[in-house]
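*Asks:* Below is the structure I would like to discuss, written out as structure tokens.
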Amino acid sequence: MTEVSSLTGRLLVATPALADPNFDRAVVLLLDHDEAGSLGVVLNRPTPVGVGDILASWAALTGEPGVVFQGGPVSLDSALGVGVVPGEPHDRSSPGLKAARGVSGETPEAADTVVAGDGPLGWRRVHGAIGLVDLEAPPELLAAALGSLRIFAGYAGWGPGQLEEELIEGAWYVVESEPGDVSSPDPEQLWRAVLRRQRNELAMVATYPDDPSLN
């Protein structure tokens, strides 16, 4: 099999041509990407459900809006926490999530892969300052270290080669992530904000109308 260059830690930004309603104007943070497939969470799909309604002990550590986000169409009954630890180096990535989530695609568990000296206990680095939070751990274990926390219900998943095919078809732009993307206080504007900061022609795509027929 041809070796796949890992895009872990980068953003997939839906192009205007992407027709799947699950990913219309979506901004996906890739938590894992290799030849075995890909896994990520959609950063700009807030739900009406408050974090306090399902994970009361973590609610105080989540920023505004303090709601659960729909991370994707897979395993909507499972929760996944993504947290930023300020000051962590931005050029380091952890091993892939495949071993943690298993071949059947279960939600990854951060607790299984915490490494002493590689960030606080209960947090497993994904890329740079961004990592997965073990929601089974006591929140006070991470309270002092976490700069931001977001809770997701479900995730987005791709099988081997599937994401690569979508990239060839022009469904996604691939851009660098910033730690602030995880906790954007205005997630509905994240699609335009991420495109607008690009130093190339993608900045112009940010002006693309929601309904092209009205342009």
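*Asks:* Kindly provide the set of residues from region 143-170 that are assigned to a loop (DSSP other than H, G, I, E, B) and open to solvent by 50 Å² or more (accessible area, probe 1.4 Å), ordered by number.
*Replies:* Ala144, Gly147, Pro160, Glu169
*Asks:* On to the next question. Quick check on region 1-37: of everything there that is over 18 Å from the mean Cα position of the chain (by Cα) and among the hydroxyl-bearing types (Ser, Thr, Tyr), which residue is modelled with the highest pLDDT?
*Replies:* Checked region 1-37; the qualifying residue modelled with the highest pLDDT is Ser5.
*Asks:* Follow-up. Specify the residue that is modelled with the highest pLDDT; the eligible residues are those in region 101-128 that are among the aliphatic types (A, V, I, L, M) and surrounded by 22 or more Cβ atoms within 10 Å (Cβ to Cβ).
*Replies:* Per the criteria, the residue is Val126.
*Asks:* Using the structure shown, decide if Tyr173 is open to solvent by 20 Å² or more (accessible area, probe 1.4 Å) and modelled with pLDDT of 95 or more.
*Replies:* Here the answer is yes, as Tyr173 does meet what is asked.
*Asks:* Please list, ordered by first then second residue, the pairs with beta carbon atoms under 9 Å, 6 or more apart or interchain, first in region 21-35 and without any contact (Cβ under 8 Å) to a residue 24 or more places away in the chain, second assigned to a helix (DSSP H, G or I).
*Replies:* Leu30/Leu163
*Asks:* Out of the residues in region 52-76 that are touching a helix residue (DSSP H, G or I) at 6+ places or on another chain (Cβ under 9 Å) and without any contact (Cβ under 8 Å) to a residue 24 or more places away in the chain, state the one that is surrounded by the most Cβ atoms within 10 Å (Cβ to Cβ).
*Replies:* Among those that are touching a helix residue (DSSP H, G or I) at 6+ places or on another chain (Cβ under 9 Å) and without any contact (Cβ under 8 Å) to a residue 24 or more places away in the chain, it is Val67.
*Asks:* Restricting to region 14-53, what's the tally of residues that are among the polar types (S, T, N, Q) and more than 19 Å from Arg192 (Cα to Cα)?
*Replies:* 2
*Asks:* Ok, one more. Can you find even one residue in region 174-195 that is in a strand (DSSP E or B) and at positive phi?
*Replies:* Among the residues of region 174-195, not one is in a strand (DSSP E or B) and at positive phi, which makes the answer no.
*Asks:* Here is a follow-up. Scanning for something over 12 Å from the mean Cα position of the chain (by Cα), open to solvent by 10 Å² or more (accessible area, probe 1.4 Å) and over 30 Å from Thr207 (Cβ atoms), does region 41-51 turn up at least one residue?
*Replies:* yes
The values are calculated or read from the model by the stated rules, or taken from the named source; none is laboratory data. Just so we're clear, the structure is a prediction, and the values are computed from it rather than from any experiment. Here the Cβ is made from the backbone with ideal geometry for all residues, glycine too, and neighbour counts use every protein chain on show. Ligands, DNA and RNA are excluded from the accessible area calculation, which covers all protein heavy atoms including side chains. Shrake-Rupley method; radii C 1.70, N 1.55, O 1.52, S 1.80 Å.
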